[in-house]
1. How about segment 89-120: which of its residues are hydrophobic (A, V, I, L, M, F, W, C), under 12 Å from the mean Cα position of the chain (by Cα) and not in a loop (DSSP other than H, G, I, E, B)?
2. Can you tell me how many residues within segment 133-161 are crowded, with 20+ Cβ neighbours inside 10 Å and either farther than 20 Å from residue 90 by Cα or touching a strand residue (DSSP E or B) at 6+ places or on another chain (Cβ under 7 Å) (or both)?
3. Which one of the conditions (1) within 23 Å of residue 73 (Cα to Cα); (2) assigned to a helix (DSSP H, G or I); (3) open to solvent by less than 70 Å² (accessible area, probe 1.4 Å); (4) aromatic (Phe, Trp, Tyr) does residue 182 fail to meet, given that it meets all the rest?
4. Keeping to segment 50-69, report how many residues are farther than 20 Å from residue 40 by Cβ and touching a strand residue (DSSP E or B) at 6+ places or on another chain (Cβ under 6 Å).
5. Taking segment 45-82 as the search range and keeping residues that are touching a Ser or Thr at 6+ places or on another chain (Cβ under 7 Å) and not in a helix (DSSP H, G or I), which one is most open to solvent (accessible area, probe 1.4 Å)?
Amino acid sequence: MKLTGKAALVTGASRGLGRALAEGLAAAEARVVLVARQAGPLDEVAAAIRARGGEAHAIAADVADRDATHAIAGQAAALVGPLDILINNAGTLGPVPLRLLLDTDCEDLERALAVNVVGPFRLTKAIAGSMVLRGRGVVVNVSSDAATQPYERWGAYGASKAALDQLARIWAAELAGTGVRFLTVDPGEMDTRMHAEAVPEADPATLTAPAEAAARILAQLTGEAPPPVGQGAVA
């Protein structure tokens, strides 16, 4: 896939990996819609991208809000046209400091599932139909090795990412042959606020910069680089 002129939507785009992905897409001349909960930081990112000559639009919304899904999809299509790329990047750890499952409130698990699984499902459902009709499109789900490794205290996050991965595999099986692809990526440990909240003792110097992780993901998206073992396109 060539990114020039493609219409892309990135969730969780106000900081960290989401911001880096949006900036990378815009630098490759894609038309980008950014989604995040807080309008102020999101608008700053969009303005920075436009200042560098890219096209970026901001939609302040919570992907976990069931009433926001169709508004996000509709606004995005109105701004940049039918979407070619959906990147489900927005995520939450669940309760922090991270807790054992026995100490995790049911409401915290529900929130993690709403943001990390149900929100991406709703957006994919709202957007993938148009991709099928046009015979092309890519849905990228940002996952984690916590989806496959039983890390203590990562229960809410790990369970939600495992569910997201399985959903992607099922989406891919059901839409095989339509031209719509699904790409699951694990960016690894990054120097982000989320990682600092999860592992405050970690040395930032040992972590991957979000821009570096974003560049690897975009290379996988365009086919310029193969995905690492255990990751990658499932259709």
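1. So in segment 89-120, the residues hydrophobic (A, V, I, L, M, F, W, C) come out as 90, 93, 96, 98, 100-102, 106, 109, 112-115, 117-118.
Okay, now just the ones that are also under 12 Å from the mean Cα position of the chain (by Cα), so 90, 115, 117.
Listed by number, the residues that qualify are 115, 117.
2. Total meeting the criteria: 7.
3. (2)
4. Applying the first criterion (farther than 20 Å from residue 40 by Cβ) to segment 50-69 yields 53, 55, 66-67, 69.
With touching a strand residue (DSSP E or B) at 6+ places or on another chain (Cβ under 6 Å) added as a condition, the list becomes 55.
Count: 1.
5. As a first pass, look at segment 45-82 and keep what is touching a Ser or Thr at 6+ places or on another chain (Cβ under 7 Å): 45, 63, 82.
If we keep only those that are not in a helix (DSSP H, G or I) too, we end up with 63, 82.
Numbers: 63: 16, 82: 72 Å².
That would be 82.
The values are calculated or read from the model by the stated rules, or taken from the named source; none is laboratory data. Quick caveat, the model's predicted, so the values are computed rather than measured. So basically every Cβ, Gly included, is an ideal-geometry build from the backbone, and we count neighbours across all protein chains shown. Protein only, heavy atoms only, side chains kept; ligands, DNA and RNA dropped before computing areas. Shrake-Rupley method; radii C 1.70, N 1.55, O 1.52, S 1.80 Å.
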